[in-house]
Amino acid sequence: MAGPETAPRPVAGRIRYWAAAKAAAGTAEEPYRAATLAEALAAARERHTARPEFAQVLRRCSFLVDGTPVGTRDHTAVPLPDGGTVEVLPPFAGG
């Protein structure tokens, strides 16, 4: 007998872009409907195919999910909370 479905279900939230990511996306914020960070980023890449620099910028970014750094975790293993916020942070320098 098969067990209950354990795959995460898509939820709704928002993605916030900062600095170079905001410029590349052409927007500061947009909604997501995805179960994992990988799914949300794949959908964002698809939405912005007319802006090839967007995918290039994303490859260099760090991510926060509801304020928690994703770090080096596999994005397919990072679940997204319903009503959550993904922050997209390009590398920056300063002091």
Quiz prompt | All positions within region 27-52 that are loosely packed, with under 15 Cβ neighbours inside 10 Å and closer than 15 Å to residue 89 by Cα | solution = 27, 28, 29
Practice problem: Take the residues in region 63-86 that are in contact with a Gly (Cβ under 8 Å, 6 or more places away or on another chain) and in a strand (DSSP E or B), then tell me which one is surrounded by the most Cβ atoms within 10 Å (Cβ to Cβ). | Solution: 86
Quiz item: With 82, 74 as the choices, which residue is touching a residue at least 60 places away in the same chain (Cβ under 8 Å) and over 11 Å from the mean Cα position of the chain (by Cα)?
Solution: 82
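The numbers here are math on the coordinates, done by the rules we state, and not lab data. Quick caveat, the model's predicted, so the values are computed rather than measured. FYI the Cβ positions are ideal-geometry reconstructions off the backbone, even for glycines, and counts take in every protein chain you see.
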